[in-house]
Each structure stands twice: as C-alpha cells, then as structure tokens.
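Reviewing the structure listed below.
The values are calculated or read from the model by the stated rules, or taken from the named source; none is laboratory data. Model, not experiment: these values are computed from the prediction. When we count neighbours, we look across all protein chains shown, and the Cβ atoms used for this are built from the backbone with ideal geometry, even at glycine.
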Amino acid sequence: MEFALAVDVGGTKIAVGAVNDEGRLTERRSAPTPTVGPDGEPATGAEILAALTSLIDELAPFNRFAVCGVGCGGPMSSGGELVSPLNIPGWRSFPLAEEIERHTGLATRVDNDAKALALGEGWVGAAVGERNFMGMVVSTGVGGGIVVDGRLLDGATGNAGHIGHVIVEPDGNQPPRQIKGTLEAEASGTSIAHRIGRPSKEATTADITRTGCLVGRAIGSVGNLLDIRLVAISGSVALGFGEPFFAAVRDEVERVCGLDYSRGLRVEPGGCGPDGPLIGAGAVGFRHLGHTIGLIDPR
C-alpha cells in the first residue's frame, strides 16, 4: 500500500496528513494559518511557510510517502507552480510546490483546494460512480472543482471551476479584496461576517436561507451550462449551517434548472466530511503518479 503526504492550505487553517491509496486518511495535524508575525505585522510568506513546514515535520520520516499532494486556495499559475491565494496576502506568486519539495524531497503537486476536494468526492465521497459533477466548498472562501465526462476541468491556467467568482447579485456586497456581487462576496464565511457584523456561525435563519439561495443560483447556472448531474458541497459554512442551508440551495436549484437535461440536478453534502480537504490533497498526489481516481481520468 502506498501513502501520500497530504497538505491543505486555507486562509483559516493549515492541515497535513497521511492518505493511503484507497482514499483513507490515517493521520492528521492542523494549526491556524498565521496572519500576524512575531513583530505584530502581517505574516510574511516565509513565516507562513515556516509554520507549514513545522507541521509537515510532525509526519516525518518522509521516505514512507510516495508523493506529496497539496490543495491550496487560488488563483495559481499553470500546474500550481506559483500560488497567490486571495485569503493569504503573504503569498503572491509563491513557489509552494518547489518549497515543499525542497523540504521533504518528495515529488510535489499543487492544485486548487476545491478541485482537490472534487477529486476526493469522486474517489471515496458523495460523487463515487459519477462522471459529471461538481465538488464545491463554502467556507472562508467559495470554490469549486468540475468533472465533465470523467475529466477534471483545468482550464488554460489550472483555475477552472472558480464558482465563487460567478456574479449572483450585480448590486450586492463588496467586502475588502472582493469583486462586487460575486458568490464569494455574498456567501463566504468572511463575507457573511462582514455583512452581518458578527461571526458567520451566528447567522440568523434569514441569513442562512439567503446564503443557500445564492449558492443554489450559482449551482443552477453551472448545471444549465455544463449538464452535470450532482453537486457535493463541503466547507465549514455549508456544513455548519446544515439542513436549512441545503434546503434553500435545492429550492433555488429547482427554480433555476428548468431545462429538460438540467432538471433534477442533485445537491448533497460532501461525503468525505471534515477529512475531505486532506483526502482530496492525497488524490492530487496520487493523480500526479498516474493513479486513476474513481471514474476520473488520471490526466
């Protein structure tokens, strides 16, 4: 049995783990993503990297791993060589794969965290057996990974699937560093907190319903565009809001998906649960080795 060193980098936390070639997470470690350095200034790229490599070191020795797979917020350059996560200002055109490879000696592949999550859902989660689906995360940010005809869509620079940047409210909110009216500006945990003036976990029923409706609006548009059959949603906001959120999503999807081929698009909670980001990162690594991930082509 082979193992991948799995790394998940988000704006709120960083996590690492060991994932076997059957899609099972056997170890994990996590820590908050540094936002402030020792001098009280915003954390630098080097300081964020040091926190990550310190966490990775807890899984040494590295020679027990066949590969390292990384899920990281985008955007990023082609092949994930340089990352510029919107919610990690300290990293702009940052060579994350190169730095991890230098530190561990492992062949390292970086992909968008939501695309990684889609791989995980198709491998061992809610999308097992599906060749046309989207994996989606509604958390600190909003992102997606899309699989069509068994192929994970990459796009020209590897950033395909960024459903968080679909416009859902043209005259909507514009939180700091966001584009006005996008799904991420309306439905991410950061944006909800900005709008209601308190943490998103304290959102009212009306806030939850509104968020679900906007997520459903974006999903319905993608369903009409790409003829997918399933969307699996993960992330702290979606799973934290629970069934009222999913009910609102499904109601709006049903309203938007009125075409014969898009009617009946299913929306389900992610099947990998809180392990999804690391399982997905492991899938990124194994895919780099040429492994088939569920019904998803290895390339």
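Within the stretch 66-83, the set of residues being at pLDDT 95 or above and surrounded by fewer than 20 Cβ atoms within 10 Å (Cβ to Cβ) comprises 66, 82. The conditions of being of a type outside the set (S, T, N, Q), over 30 Å from residue 56 (Cβ atoms) and surrounded by 15 or more Cβ atoms within 10 Å (Cβ to Cβ) are met by residue 192.
Matching residues to (1) under 13 Å from residue 276 (Cα atoms); (2) under 14 Å from the mean Cα position of the chain (by Cα); (3) surrounded by 23 or more Cβ atoms within 10 Å (Cβ to Cβ); (4) not acidic (Asp, Glu):
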{"residue": "116", "(1), (2), (3), (4)": "yes, yes, yes, yes"}
{"residue": "121", "(1), (2), (3), (4)": "yes, yes, yes, no"}
{"residue": "130", "(1), (2), (3), (4)": "no, no, no, no"}
{"residue": "133", "(1), (2), (3), (4)": "no, no, yes, yes"}
{"residue": "141", "(1), (2), (3), (4)": "no, yes, yes, yes"}
{"residue": "149", "(1), (2), (3), (4)": "no, no, no, no"}
{"residue": "155", "(1), (2), (3), (4)": "no, no, no, yes"}
{"residue": "160", "(1), (2), (3), (4)": "no, yes, no, yes"}
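No other residue among 137, 147 is within 14 Å of residue 71 (Cβ to Cβ) and in a strand (DSSP E or B) apart from 137.
The set of residues in the stretch 35-65 being more than 21 Å from the chain's Cα centre (by Cα) and buried (at least 19 other Cβ atoms within 10 Å of the Cβ) consists of 43, 59, 65.
Looking across the stretch 256-299, just one residue is closer than 18 Å to residue 226 by Cβ and assigned to a helix (DSSP H, G or I), and that is 256. Looking only at residues in the stretch 229-238 that are in a helix (DSSP H, G or I) and modelled with pLDDT of 95 or more, the one that is surrounded by the fewest Cβ atoms within 10 Å (Cβ to Cβ) is 238. Evaluated against (1) surrounded by fewer than 24 Cβ atoms within 10 Å (Cβ to Cβ); (2) in a helix (DSSP H, G or I), residue 173 falls short on exactly one condition, (2).
Being within 22 Å of residue 73 (Cα to Cα) and part of a loop (DSSP other than H, G, I, E, B) is the filter here, so list the residues in the stretch 176-215 that pass it. Matches in the stretch 176-215: 176, 177, 178, 179, 180, 181, 188, 199. Among the residues making up the stretch 212-228, those that are surrounded by 19 or more Cβ atoms within 10 Å (Cβ to Cβ) and in contact with a strand residue (DSSP E or B) (Cβ under 8 Å, 6 or more places away or on another chain) are 215, 216, 219, 222, 223, 228. The numbered conditions (1) hydroxyl-bearing (Ser, Thr, Tyr); (2) surrounded by fewer than 22 Cβ atoms within 10 Å (Cβ to Cβ); (3) over 16 Å from residue 245 (Cα atoms) are all true for residue 182 except (2). Would you say residue 173 is free of Cβ contacts under 8 Å to residues at least 40 places away in the same chain and in contact with a Phe, Trp or Tyr (Cβ under 9 Å, 6 or more places away or on another chain)? Here the answer is no, as residue 173 does not meet what is asked. Scanning the stretch 177-202 for residues that are in contact with a Ser or Thr (Cβ under 9 Å, 6 or more places away or on another chain) and among the small types (Gly, Ala, Ser) gives 185, 187, 188, 189, 191, 193, 200.
In the stretch 93-114, of all residues being in contact with a Pro (Cβ under 9 Å, 6 or more places away or on another chain) and not in a helix (DSSP H, G or I), the one that is surrounded by the fewest Cβ atoms within 10 Å (Cβ to Cβ) corresponds to 94. Just checking, does the stretch 182-191 include any residue being modelled with pLDDT under 95 and more than 19 Å from the chain's Cα centre (by Cα)? Checking the stretch 182-191: not a single residue is modelled with pLDDT under 95 and more than 19 Å from the chain's Cα centre (by Cα).
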